[in-house]
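Notes for the one structure printed next.
The values are calculated or read from the model by the stated rules, or taken from the named source; none is laboratory data. Since the structure is predicted, the reported quantities are computational estimates derived from the model, not experimental observations. Neighbour counts are summed over all protein chains in view; Cβ atoms, including those assigned to glycine, are modelled from backbone coordinates with ideal geometry. Protein only, heavy atoms only, side chains kept; ligands, DNA and RNA dropped before computing areas. Shrake-Rupley method; radii C 1.70, N 1.55, O 1.52, S 1.80 Å.
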Amino acid sequence: MTRVGVYPGSFDPITKGHEDLIHRSLAFVDKLVVAVAVNVSKQPLFTLDERVALIEQTVRDKAIAVRSFDGLLVNFARSVGATVIVRGLRAVSDFEYEFQMALMNRTLAPKLETVFLVPAFDLTYLSSSLVREVARFGGDVSALVHPAVQQALHQKLGK
Ligand code: PNS
């Protein structure tokens, strides 16, 4: 049986923290669908197509697919045959939101399990919003994102 996982998020843009989690998840799923949410409440820096393309350029592995989704995550997960939702937990501050989301998703789809992964220690502080902020002010993000993302930030922000 092929075990399919879904790793949802805004990925605005994908960071080395996301990359780390994607690779860690292959320890327990055969195929991972990275699911880029169309409906991000916040106005994203990158368009949906750009966010998808940056993930495709960053992660090249036959076991990883990149897709966008609109609407409820549980419906998307069902449509790709996923049995597991993967999310990262960095700090206690992530916990309440993640817990709420996991329980809501369980209410909507009782058989879909949420699995939380802890990123590599040196990536724990990393978030897309911090990357955007550092890049916006011309800071060096080369240790935080793939070179393709660094270049895209450069182009987008003119820095
Ligand atoms: O990277 P993010 O912004 O923390 O990701 C949040 C995301 C996209 C995973 C979450 O907002 C989501 O699943 N949105 C889809 C809509 C949905 O299913 N909402 C109910 C879940 S509680």
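Being within 11 Å of the ligand (Cβ to nearest atom), surrounded by fewer than 23 Cβ atoms within 10 Å (Cβ to Cβ) and farther than 14 Å from Ser128 by Cα holds for only one residue in Val38, Val4, and it is Val38. Considering only residues in the range 71-106 that are within 9 Å of the ligand (Cβ to nearest atom) and among the polar types (S, T, N, Q), the one that is farthest from Gly17 (Cα to Cα) turns out to be Asn75. Of the residues making up the range 1-34, those that are under 9 Å from the mean Cα position of the chain (by Cα) and either part of a strand (DSSP E or B) or at pLDDT below 95 (or both) are Tyr7, Pro8, Gly9, Val34. Scanning the range 10-53 for residues that are touching a residue at least 40 places away in the same chain (Cβ under 8 Å) and among the small types (Gly, Ala, Ser) yields a total of 4. Of all residues being among the polar types (S, T, N, Q) and away from the ligand (no atom under 12 Å from the Cβ) in the range 41-66, which is least open to solvent (accessible area, probe 1.4 Å)? Just the residue, please. Restricting to residues being among the polar types (S, T, N, Q) and away from the ligand (no atom under 12 Å from the Cβ), the top hit is Thr58. Residue count for the range 102-159 satisfying the condition of being free of Cβ contacts under 8 Å to residues at least 12 places away in the same chain and more than 25 Å from Thr47 (Cβ to Cβ): 7. Residues that are outside any helix (DSSP H, G or I) and in contact with a Phe, Trp or Tyr (Cβ under 6 Å, 6 or more places away or on another chain) were ranked within the range 67-125; the one that is least open to solvent (accessible area, probe 1.4 Å) is Val86.
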